[in-house]
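*Asks:* One structure, as structure tokens, below. Some questions next.
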Amino acid sequence: MSTTQNSGENSGVANIVPHQFKPGQSGNPGGRPKKQPITDYLIDQLDQPIPEAMKAKLPPIFVEVYGTDATFGQVLAFKLVAQGLKGDMQAAKEILDRVEGKVTKKLEHSGSFTLEDLVCESYNE
């Protein structure tokens, strides 16, 4: 077994200091991407027109409403509304969440307490 000796030229604090981040310098200057690529692909696809081969399978009412140059997004929205009208509560909930926004749960508290009360209670348990 052979051992390698470190010459000492590239080791120690003197070699680390030039490679450290400077104050205020980010280790990830670009940051996290704002969107995932699949989101961009889906947005692009929803804006695309329906191919002729698929148009024959659409219900006649859809063609009456949107015409012959409908997009995938319009078809998806139309079908979601149709499902909601048939009584599909999950579809209706999805529509309402998109249109009205998700319902937030409101929390109410009656009485008073201080931060000291909370800290003291956690130590007494």
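*Asks:* Give all pairs with beta carbons closer than 9 Å in which a residue from the stretch 36-51 that is in a loop (DSSP other than H, G, I, E, B) meets a residue that is among the charged types (D, E, K, R); count only pairs at least 6 apart in sequence or on separate chains.
*Replies:* Partner pairs satisfying both residue conditions: Ile50/Asp69.
*Asks:* Also: Please determine, by comparing only the residues of the stretch 77-101 that are part of a helix (DSSP H, G or I) and basic (Lys, Arg), which one is surrounded by the fewest Cβ atoms within 10 Å (Cβ to Cβ).
*Replies:* Arg98
*Asks:* Given the criteria surrounded by 10 or more Cβ atoms within 10 Å (Cβ to Cβ) and assigned to a loop (DSSP other than H, G, I, E, B), does Leu58 qualify?
*Replies:* In short, yes.
*Asks:* Got a sec? Which of Gly31, Gly67, Gly27 is loosely packed, with under 10 Cβ neighbours inside 10 Å, within 22 Å of the chain's Cα centre (by Cα) and of a type in the set (Gly, Ala, Ser)?
*Replies:* One residue alone meets the criteria, Gly31.
Taken together, the values in this text are just the output of simple stated rules run on the coordinates, not laboratory data. As the structure is a computational prediction, the values presented were derived from the model and not from experiment. So basically every Cβ, Gly included, is an ideal-geometry build from the backbone, and we count neighbours across all protein chains shown.
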